Amino acid sequence: MTSLMNMLYHLTLTLGIGSYGLAIILLTIIIKLVLYPLSLKQMKSMTMMQKLAPKIKEIQDKYKGKDPQKMQQKIMELYKEHNVNPAAGCLPLLIQMPILIALYRALLGFKYADPEHASFLWIGNLSNVYHLNQFMSNPTVVLIPLLAGLTTYFQTRMTTNSQDQTQKMMLYTMPVFIAWITTTVPAGLGVYWVTFNLMGIIQQYFVNKHTLAMKEALTEGADNRKNR
């Protein structure tokens, strides 16, 4: 991870804009592109899970307290019918963990070729941990955690089923948790997380649009068959 960051930093130097912050953004883009096939599968699965939520609730209401085994069987049949894997959302998150840990370790003791290029926008040093107790002396310390929380919220909201109380609770608790975590890690990791989320939001928008069009086509096809 350190070697990759240095390589991307030297790339920014050749472009005449030497910046480790830009190197982290480029690193994020590369990682996002590598994970794209898995992320796409995750996004489609989560979007379809959201679309299937009313049907799942119908099954749960029908068999709840009567035949739990039959209820699970019917739900799994529904997943199979629509080619949805409920566990698909976990794999990209699991793969991301080693990347986050590696970047965290790299930034902690990172040796900058030019310390002046270790700053980015309002961030004095990408390796520094900016705690909230520094707010009075430097109000900008809240910006990265705030952006991390907001981007997490908007990305989660795009795939959250508002009828599911567990998902609804996660929609509000996860951004707060992420924002807090960002205050305990090097600022560069916060830049990575915000960039990763922004790219995820853009991807999810197009996935949702594609899934909606596909669903409308399937519904229209089913209506046409009924009319015949």
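Report the local net charge at Leu38: Lys and Arg +1, Asp and Glu -1, summed over other residues whose C-beta lies under 15 Å from its C-beta.
That sum, taken over residues with Cβ under 15 Å, equals +3.
Each label point is 7 Å from the Cα along the Cα-to-Cβ direction; what then is the distance between the points at Tyr104 and Ile201, in nm?
2.4 nm
Could you work out the local net charge near Lys74, counting Lys and Arg as +1, Asp and Glu as -1, over the other residues with Cβ closer than 15 Å to its Cβ?
+2
Suppose every K and R has +1 on its Cβ and every D and E has -1 on its Cβ; what is the size of the dipole of the range 11-72 about the Cα centre, in Debye to the nearest 20?
Charge dipole of the range 11-72: 400 debye, to the nearest 20.
Can you pull the accessible area of His131 for me, 1.4 Å probe, Å² to the nearest 10?
So the heavy atoms of His131 present about 80 Å² to solvent.
Accessible area of Val129, 1.4 Å probe, to the nearest 10 Å²?
We get 40 Å² for Val129.
Using a 1.4 Å probe, how large is the accessible area of Arg157, given in Å² and rounded to the nearest 10?
140 Å²
At a Förster radius of 45 Å, what calculated FRET efficiency corresponds to the Cβ-Cβ distance of Lys62 and Lys111, to the nearest 0.05?
Calculated value: 0.10.
Given R₀ = 35 Å, what would the calculated FRET efficiency be for Gln69 paired with Met174, taking r from the Cβ atoms and rounding to 0.05?
The pair Gln69/Met174 has a calculated efficiency of 0.65.
Using a simple spin-label model with points 7 Å from Cα along the Cα→Cβ vector, what separation in nm is obtained for His10 and Leu94?
The answer from the label model is 3.6 nm.
The values are calculated or read from the model by the stated rules, or taken from the named source; none is laboratory data. The model shown is predicted, which means the values in this text are computed figures rather than measured ones. Backbone-built Cβ (ideal geometry, glycine too); neighbour counts: all protein chains shown. Protein only, heavy atoms only, side chains kept; ligands, DNA and RNA dropped before computing areas. Shrake-Rupley method; radii C 1.70, N 1.55, O 1.52, S 1.80 Å.
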